[in-house]
Amino acid sequence: MTSEAQSQDRSIPTLAQVVAAADSLWPFRLQEDWDASGLVTGRPDQPVRRIHFAVDPVAAVAEEAIALDADLLITHHPLLLRGVTSVAADGFKGKVIHDLIENQCALLACHTNADSARRGVSDALIAAAGVNPDDAAPLVPDATDPNAGLGRVGTLTRSVTLRELAQRLATNIPGTAQGLRIAGDPDRMVTTIAVCGGSGDSLFHTVRSSGADVYVTADLRHHPASEAREQALGPGEKGTPALIDAAHSASEALWLPWGAEDLQRALAAQGLDVEVYVSDLRTDPWDFRVASPDSDSTPNLTSGETS
C-alpha cells in the first residue's frame with residue numbers, strides 16, 4: 001500500500017469513531033430510561049465512508065440507504081424500542097435488519113438523547129418558530145447539564161399573532177396529511193414559545209409553569225389537549241397556552257440537516273472524512289386527509305404531499 005493510500009485510509013473513520021462523535025454531540029446518557037438509543041447493528045471496526053440520516057428506520061428508508069451505498073444509517077427513532085424475541089426476515093423489522101447487515105450498512109438510533117441535546121430536535125423546532133435556540137432554555141433541564149433537557153422555551157424578538165406563527169411553522173415544517181392543528185384565538189398575540197419535538201402532552205404542566213403563550217408539539221391526544229385548553233380558559237386564566245399540534249415525524253425531521261452537518265463537522269475536526277446525506281422521504285404513516293364539509297379547510301381532499 002502506498003503512503004498516499006494509507007493516508008486516505010486513516011481519514012476514513014471506523015464505526016466506533018462515528019458512534020463516539022455522535023455521543024459527543026448527543027450524549028447517550030441523556031436518553032430517557034425507557035428509550036433504546038444506540039448502535040443496533042454494525043461492527044465497531046468497519047469503515048464508514050457514507051452516512052444517511054432519516055427519522056424512521058422503515059423499509060423504504062433502509063432501501064434508500066442501501067441504494068446510496070451508505071455504510072451507516074442514523075435514524076431518530078429506534079427500530080427495536082420494544083423487546084423482541086426474533087429478528088427473522090419474515091417480519092418487517094427483521095427484514096430491515098437483514099437487509100442492512102447483508103449490505104454492510106450499520107444502524108444507529110439517536111432518539112431522546114437527540115431530543116435533549118443542544119442543537120437537537122427541540123432546538124431545531126424552536127428555531128423554525130422564529131426563536132434563536134441559543135436564547136432558549138430547556139423545559140425540563142437535565143440534572144447534570146442544565147443547558148440540555150427535554151423541550152425548549154424562548155421568546156420571539158417580535159410578537160406575532162397565533163395565526164402568523166402557525167403559518168410560519170407550516171412553511172418550515174415538512175408537509176404531512178395532518179398539516180397543523182391549532183387551538184386558540186388566531187388573532188391573539190404570542191411572544192413566548194414552548195416546544196417539544198415528538199409526543200409532548202406529558203409536559204403540559206411544565207409548559208404552563210413556563211408562562212408560554214403557545215405550545216408547539218405533536219401527537220396531542222384528545223383528553224390531555226381538551227383538559228389543557230379548558231384549564232387555560234378557566235376562571236382566573238388568560239387563555240394560554242394556545243396549542244399547535246404537528247405530525248410526529250415532521251416535528252422531528254427539522255433536526256436531520258442539523259445533525260448531519262454537526263456530525264460531519266465533528267469528524268472533520270479529527271481529520272476524518274465522511275459523506276452525509278439526509279433522507280427526504282415522507283415516513284409519516286398517514287397518506288391523505290378528507291376535510292369536513294363545514295370546516296375552513298380547502299379543498300375537501302388534501303394530499304399528504306401538499307398539505
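The values are calculated or read from the model by the stated rules, or taken from the named source; none is laboratory data. All of these numbers come straight from a predicted model, not from anything done at the bench. Ideal geometry is used to build each Cβ from the backbone, glycine not excepted, and the neighbour counts take in all protein chains shown. Ligands, DNA and RNA are stripped out before the accessible areas are found, and what is left, the full protein with its side chains, is counted by its heavy atoms. Shrake-Rupley method; radii C 1.70, N 1.55, O 1.52, S 1.80 Å.
What the table shows:
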read-out	value
Leading residue by the ranking (nearest to Asp245 (Cα to Cα)) among those in segment 122-145 that are in contact with a strand residue (DSSP E or B) (Cβ under 8 Å, 6 or more places away or on another chain), open to solvent by 50 Å² or more (accessible area, probe 1.4 Å) and free of Cβ contacts under 8 Å to residues at least 60 places away in the same chain	Asn132
Selection count where residues are assigned to a loop (DSSP other than H, G, I, E, B) and either of a type in the set (Lys, Arg) or buried (at least 21 other Cβ atoms within 10 Å of the Cβ) (or both), scope segment 95-121	7
Pick from segment 205-241, criterion assigned to a loop (DSSP other than H, G, I, E, B) and of a type in the set (A, V, I, L, M), ranking: farthest from Val190 (Cα to Cα)	Leu220
Criterion: of a type in the set (Val, Ile, Thr), closer than 29 Å to Leu272 by Cα, in contact with a Cys (Cβ under 8 Å, 6 or more places away or on another chain) and in contact (Cβ under 8 Å) with a residue 24 or more places away in the chain - qualifying residue of Ile51, Ile74, Ile97, Ile101	Ile74
Matching residues, segment 146-176, being touching a residue at least 24 places away in the same chain (Cβ under 8 Å) and part of a helix (DSSP H, G or I)	Leu162, Arg163, Leu165, Ala166, Arg168, Leu169, Asn172
Test: residue in segment 77-94 that is in contact (Cβ under 8 Å) with a residue 24 or more places away in the chain, in contact with a helix residue (DSSP H, G or I) (Cβ under 6 Å, 6 or more places away or on another chain), open to solvent by less than 50 Å² (accessible area, probe 1.4 Å) and not aliphatic (A, V, I, L, M)	no
Meets criteria (assigned to a loop (DSSP other than H, G, I, E, B) and either modelled with pLDDT of 95 or more or open to solvent by less than 50 Å² (accessible area, probe 1.4 Å) (or both)) for Gly259	no
